[in-house]
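The values are calculated or read from the model by the stated rules, or taken from the named source; none is laboratory data. Remember, it's a predicted structure, so these values are computed and weren't measured experimentally. Cβ placement follows ideal geometry from the backbone for every residue including glycine, while neighbour counts extend to all protein chains displayed. Please note that ligands, DNA and RNA were not included when accessible areas were found on the heavy atoms of the full protein model with its side chains. Shrake-Rupley method; radii C 1.70, N 1.55, O 1.52, S 1.80 Å.
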Amino acid sequence: LHSTSRRQRQMCIRDSQYTWPGVGGMTIMNGGISWHSGNWSLYGGGFGGRFFSPFNPSPGITAGANVQVEYQPTDWLKLKGWGQYAYYADEYNNPHMLSNPFLYHTQVGGSMEFKVTDNFWMGAGINYEYNPVRRKMEPQFLVYPVFKSGRFKIGM
């Protein structure tokens, strides 16, 4: 029995700036490194930037880190876990900004994906996201489809 292990590392840095006149905008830079070996995948990264709106015309810095791990023990099951910490400067203690789904949030979670066909998987899991208004982690239950075709994938 001969087994080959495929190892791959990849690093990515991206920055972007968006402005919406009268509404606000954002400047964000994020980067990370991913590692794949056999049935394991690991990703770690960080981000930093500024978000501004009519509620905070001169924003402070936003920063944080995230990690994701995947393990595929069989050809029909994939296990995933993730976590992210997001720091917002004091001027972001505005519930209108912190409840925006497009901003980074502190969260941790995990899921399982099951193979239905070669091109279709189903996933289920739970994500705990920090609610700044209630000052506690709140659960979000996940059920999602994953479509694959070659190297192309749509899903979580």
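If I take R0 = 25 Å and measure r between the Cβ atoms of Asn100 and Lys148 in this structure, what FRET efficiency does the formula 1/(1 + (r/R0)^6) give, to the nearest 0.05? Before the final figure, lay out each step's value.
On the way: r = 31 Å, r/R0 = 1.24.
The formula returns an efficiency of 0.20 here.
Which of Gly125, Gly24, Gly46 moves the most in a Gaussian network model of the chain with Cα springs under 10 Å?
Among Gly125, Gly24, Gly46, the largest GNM mean-square fluctuation belongs to Gly24.
For segment 14-89, what is the accessible area per residue in Å² when the probe is 1.4 Å? Walk me through the numbers on the way to the answer.
Numbers: 4260 Å² over 76 residues.
On a per-residue basis, segment 14-89 sits at 56 Å².
So how much slack lies between Ser58 and Thr19, counting 0.36 nm per residue of separation and subtracting their Cα-Cα distance, in nm? Provide the component values of the computation, followed by the final result.
Details: separation 39, 0.36 × 39 = 14.04 nm, distance 1.38 nm.
Here the answer is 12.7 nm.
For the chain, how many pairs of lysine residues have a Cα-Cα distance under 22 Å, where the two are 8 or more positions apart or belong to different chains?
Working: Lys78/Lys115; Lys78/Lys148; Lys78/Lys153; Lys80/Lys115; Lys80/Lys148; Lys80/Lys153; Lys115/Lys148; Lys115/Lys153.
Going through the chain pair by pair, I get 8.
With the full set of protein chains in place, find how many percent of the accessible area of the chain is carbon and sulfur; take the probe as 1.4 Å.
Details: 6310 of 10600 Å².
Percent of accessible area from carbon and sulfur atoms in the chain: 60.
Rg over Rh of segment 36-81, using C-alpha atoms and the Kirkwood radius, what does it come to?
On the way: Rg = 17.7 Å, Rh = 13.4 Å.
Result for segment 36-81 is an Rg/Rh of 1.32.
Val108 to Asp75: extension gain in nm, 0.36 nm per residue of separation minus the Cα-Cα distance?
Values: separation 33, 0.36 × 33 = 11.88 nm, distance 2.55 nm.
This chain segment gains 9.3 nm when fully extended.
Quick check: pseudo-label points 7 Å beyond the Cα along Cα→Cβ at Trp35 and Ala65, how many nm apart are they?
1.4 nm
With loop defined by DSSP as not H, G, I, E or B, and exposure as at most 13 other Cβ atoms within 10 Å, which is the longest segment of the chain clear of exposed trypsin sites (Lys or Arg not before Pro)? Numbers along the way, then the final one.
Working: sites that count: Arg6, Arg134, Arg135, Arg151.
For trypsin sites (Lys or Arg not before Pro) (loop position, at most 13 other Cβ atoms within 10 Å), the longest site-free span of the chain is 7-133.
Quick one: compute the contact order of the chain, relative version, from alpha carbon pairs under 8 angstrom and 6+ residues apart, as a percent. Could the numbers behind the result be given before it?
Numbers: 337 pairs, mean separation 19.9, N = 156.
Across the chain, relative contact order equals 13 percent.
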